[in-house]
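The values are calculated or read from the model by the stated rules, or taken from the named source; none is laboratory data. All figures in this text were calculated on a predicted structure; none of them were measured in a lab. As a convention, Cβ positions derive from the backbone with ideal geometry for all residues, glycine included, and neighbour counts pool all protein chains shown. Each accessible area value is taken on the protein alone, full model and side chains, heavy atoms only, with ligands, DNA and RNA left out. Shrake-Rupley method; radii C 1.70, N 1.55, O 1.52, S 1.80 Å.
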Amino acid sequence: MSSPGRPSAHPDSDGSVLVLNSGSSSVKFALVEPKSGSHLLAGVGERLGSPKALLRVRRLGSDAVDEWLPEGTHQAVVARVLGHLRTADRDGLRLLGAGHRVVHGGERFAASVLVDDEVISAVRSVSHLAPLHNPANLAGIEAVSAVLPDLHQVAVFDTAFHQTMPPFAFRYAVPEAWYTEHAVRRYGFHGTSHRFVSERAAALLGRPVSDLRLVTAHLGNGCSATAVRDGVSVDTTMGLTPLDGLVMGTRSGEVDPGMLAYIAGRTGMDLDELTRALNTESGLRGLSGVSNDMRTVTTAAARGNERARLALEVFVHRLSKAIAGLVVGLERLDALVFTGGIGENSAVVRSMVLGRLGFLGLAESSARNTAMDVRATPTPAAHGTANARHGQDTAGRISVSGPVVALVVPTDEELLIARDTARICENRIRQTRGPAAA
Ligand code: ADP
């Protein structure tokens, strides 16, 4: 169904997708060509809801430009971004649709879906599982509906990729009613990244993903590792919330649950304060006392700062232990994939991890691993495209020849969201045109 208000969305055209990652006070956006993978425009609307709201826009190949955004709403961001798109493309917009990152799909969503009223209420119905994120993601969807009511929109869930986990991997050993009445289970997050890099790793290895046993380690500010067996997630380190699992920038990862009552008893902290401490004052920041940023931590460790050194060692120990544990669900390991800001850039972390996992058949090629560090740190707009050149001589390999490969694969979650969106929107357009028009 085509309508005059909809930007041209011809299924055969090389259209673009507006990708939105909406938070409560910010909206990250990118205009992505799903076929080429180019990020034509990228940026962020920040400090929404305050008089100091601003829009930072970067066009492909240009410097970022800041603009004041007096209205300071999600809708104002979308309207302004569309204004930029129209100016950039005088031939008329070829917008295939809008793709939204949605953090939590609960048990309802195992794949990306076209947004309609039913999907909106289903996302709302699982908002208690991600109270900071899902309402903000919905605000992004509503903002696009308000500005472009006829544009197809697609929701891409962080949790969807992990819905293939078997019950023995996703259930906690807690009272049954916690699961049946309160939906307490392991959901897993970063699914878009784990899915993207597992498919890319298969391409780099020249093997079908349906025949590969991988552990993917997404190491950014948030960190998680996933066992990907024959293309699907069978286990992951994050759980009911993104606080579980690995040590992260400011998050503790897995702790003894008895610790909460113990610290509450010792300090009088309430649940909100404890949750805040585990989310924002822990991880690399809490351990090192220096920073939540791995660059700063590794530099301080190299200069002899003992707390920074310990933070690095705890990070690597916990990560290595988790990777080895995830192999249980795979029964065989073909490749370990590093991604995210730390995974793509820190030769030190990768080397320390591989050094601990020799018993799995992994062996670092020091020359290949350090050669990965030649490029500059990616900017958000360049993330993905600039990285694509990185490690091309070795197809991302940082291990010596052997049965188990270690790879560095730059993630590009926006590209995966754009591809899912384009595919779903094009299918929808074909269906609504009917066989006569096919
Ligand atoms: P986000 O999860 O917010 O997307 P990123 O994927 O950009 O974050 O990862 C941020 C992390 O990557 C930070 O800890 C940062 O220090 C780390 N990082 C980026 N470049 C390097 C580098 N050259 N060496 C070590 N760590 C790096």
Requested in this report: Can you tell me the dipole magnitude for the chain around its Cα centre, using point charges on the Cβ only (Lys, Arg +1; Asp, Glu -1), in Debye to the nearest 20?
Outcome: 740 debye
Report summary line: Row for region 197-313, column shape: gyration tensor on C-alpha, a ≥ b ≥ c, rounded if a/c < 1.5 i.e. under 1.5, prolate if a/b over b/c, else oblate; value oblate
Report summary line: In order over region 60-77: 3J(HN,Hα) from phi, Karplus 6.51/-1.76/1.60, θ = phi - 60°, whole Hz, x for each Gly or Pro, gives 3, x, 10, 6, 6, 10, 9, 10, 6, 10, x, 6, x, 10, 4, 5, 5, 4
Query raised in the report: When the Karplus curve 6.51 cos²θ - 1.76 cosθ + 1.60 is applied with θ = phi - 60°, which whole-Hz ³J(HN,Hα) does each residue of region 406-413 get, with x for Gly and Pro?
Result: 10, 10, 10, 10, x, 7, 8, 5
Report summary line: Quick calc, region 75-138, dipole around Cα centre from Cβ unit charges on Lys, Arg (+) and Asp, Glu (-), nearest 20 debye, gives 280 debye
Query raised in the report: Taking the highest mean first, how do the peptides 218-226, 401-409, 62-70 order by number of other beta carbon atoms within 10 angstrom per residue?
Result: 218-226, 401-409, 62-70
Query - Solvent-accessible area, 1.4 Å probe, carbon plus sulfur percent, for region 274-383 - result: 55 percent
**Report entry** Under the Debye formula (equal points on every Cα, no solvent term), log10 I(q)/I(0) of region 87-220 at q = 0.09, 0.10, 0.20 Å⁻¹
**Finding:** -0.35, -0.43, -1.19
Query raised in the report: Any idea which of L138, H152, V81 is furthest toward the positive side of the dipole for region 52-154, if Lys and Arg beta-carbons carry +1 and Asp and Glu beta-carbons -1?
Result: V81
Query raised in the report: Of the peptides 254-260, 277-283, 133-139, how do they stack up when ordered by the mean number of other Cβ atoms within 10 Å, highest first?
Result: 133-139, 277-283, 254-260
Query raised in the report: About its Cα centre, how strong a charge dipole does region 187-289 have in debye, to the nearest 20, once Lys and Arg get +1 and Asp and Glu get -1 at the Cβ?
Result: 360 debye
Query raised in the report: Using the reciprocal of the averaged 1/r over all distinct C-alpha pairs, how large is the Kirkwood radius of the chain in Å?
Result: 22.8 Å
Query raised in the report: Of all the accessible heavy-atom surface of region 157-215, with the other protein chains kept in place and a 1.4 Å probe, what percent is carbon and sulfur?
Result: 57 percent
Query raised in the report: What does the helix-only formula give at 222 nm for the chain: each DSSP H stretch with n ≥ 4 adding -39500 (n - 2.57), the total divided by the residues, and the result rounded to the nearest 500 deg cm²/dmol?
Result: -11000 deg cm²/dmol
Requested in this report: Set Lys and Arg Cβ to +1 and Asp and Glu Cβ to -1, take the dipole of the chain about its Cα centre, and tell me which of F338, M372, L260 lies farthest positive.
Outcome: M372
**Report entry** Positive-end residue of V197, A227, V115, charge dipole of the chain with Cβ unit charges
**Finding:** V197
Query raised in the report: For region 77-140, what Kirkwood radius comes out of the mean inverse Cα-Cα distance, in Å?
Result: 13.5 Å
**Report entry** Stokes-Einstein diffusion coefficient of region 111-187, Kirkwood radius over Cα pairs, 4 °C, 1.567 mPa s, in µm²/s
**Finding:** 91 µm²/s
Query - Separation of alpha-carbon centers, region 251-266 and region 118-146, rounded to whole Å - result: 31 Å
**Report entry** Computed over region 149-202, Kirkwood Rh from alpha-carbon pairs, angstrom
**Finding:** 13.3 Å
**Report entry** For region 152-238, alpha-carbon Rg and Dmax in angstrom
**Finding:** 14.2, 46
Query raised in the report: Please report, for the Cα atoms of region 49-159, the Rg to one decimal and the Dmax as a whole number; what are they, in angstrom?
Result: 15.4, 44
Query - Pairwise centroid distance, computed over Cα atoms, of region 284-361 with region 9-88, Å - result: 34 Å
